[in-house]
1. Of all residues in region 86-115 being aliphatic (A, V, I, L, M) and under 17 Å from the mean Cα position of the chain (by Cα), which is nearest to Leu64 (Cα to Cα)?
2. Quick check on region 107-129. Is at least one of its residues without any contact (Cβ under 8 Å) to a residue 40 or more places away in the chain and closer than 26 Å to Ala47 by Cα?
3. Just to check your reading of the model, which residue among Leu62, Leu72 is assigned to a loop (DSSP other than H, G, I, E, B) and modelled with pLDDT of 85 or more?
4. Take Thr133 and tell me if it is β-branched (Val, Ile, Thr), within 22 Å of Leu62 (Cβ to Cβ) and either under 14 Å from the mean Cα position of the chain (by Cα) or part of a strand (DSSP E or B) (or both).
5. State the number of residues belonging to region 62-102 that are exposed (fewer than 15 other Cβ atoms within 10 Å of the Cβ) and over 30 Å from Gly131 (Cβ atoms).
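The values are calculated or read from the model by the stated rules, or taken from the named source; none is laboratory data. Every value quoted in this text rests on a predicted model; they were computed, and no experiment measured them. Cβ placement follows ideal geometry from the backbone for every residue including glycine, while neighbour counts extend to all protein chains displayed.
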Amino acid sequence: MFDSTRRLAARAIPLMLGVGAIGAALGAASPAASIDQNTGASRGAHAPVRCLINAGSSGGMLTLQGRVSADLDIAGSYSFAIHNAGGGGSANISQGGDFALLAGETATLGQVMLGNNGSIYDARLTVTVDGETLECAERVGGAI
């Protein structure tokens, strides 16, 4: 009986190591945070870096802000781009640069005010930190 237990353990250990290696590989392939393309919200409640695009109106103008928050100190670069996707008028705006953020803070990484004339705009915030890229996208306008 003792000998069969030893043989079972000898077979189980490599199997458990293999399952652990597969789990580690799958975890390594997962991004730190991903974005729901329908809502622009970060997926994963514990994502260390999150981005979003705030849309609103002020004084008859459409306002768009690219925002990032983090649970740890980060530094990186960003690109905030807005393009007209339909309706009246035209827009092709691109902002970008470097940023640094302390843990627990939220920063605005780009901001535009556009005529609220019924146009539809595609806004995209791309944030790069430590070689990893996080992207938020939002379609706004029309009936805001």
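1. Once the filter is applied, the top-ranked residue is Leu109.
2. Scanning region 107-129 turns up no residue that is without any contact (Cβ under 8 Å) to a residue 40 or more places away in the chain and closer than 26 Å to Ala47 by Cα.
3. Working: Leu62 fails: assigned to a loop (DSSP other than H, G, I, E, B).
Just one listed residue meets the conditions, Leu72.
4. no
5. Total satisfying the criteria: 5.
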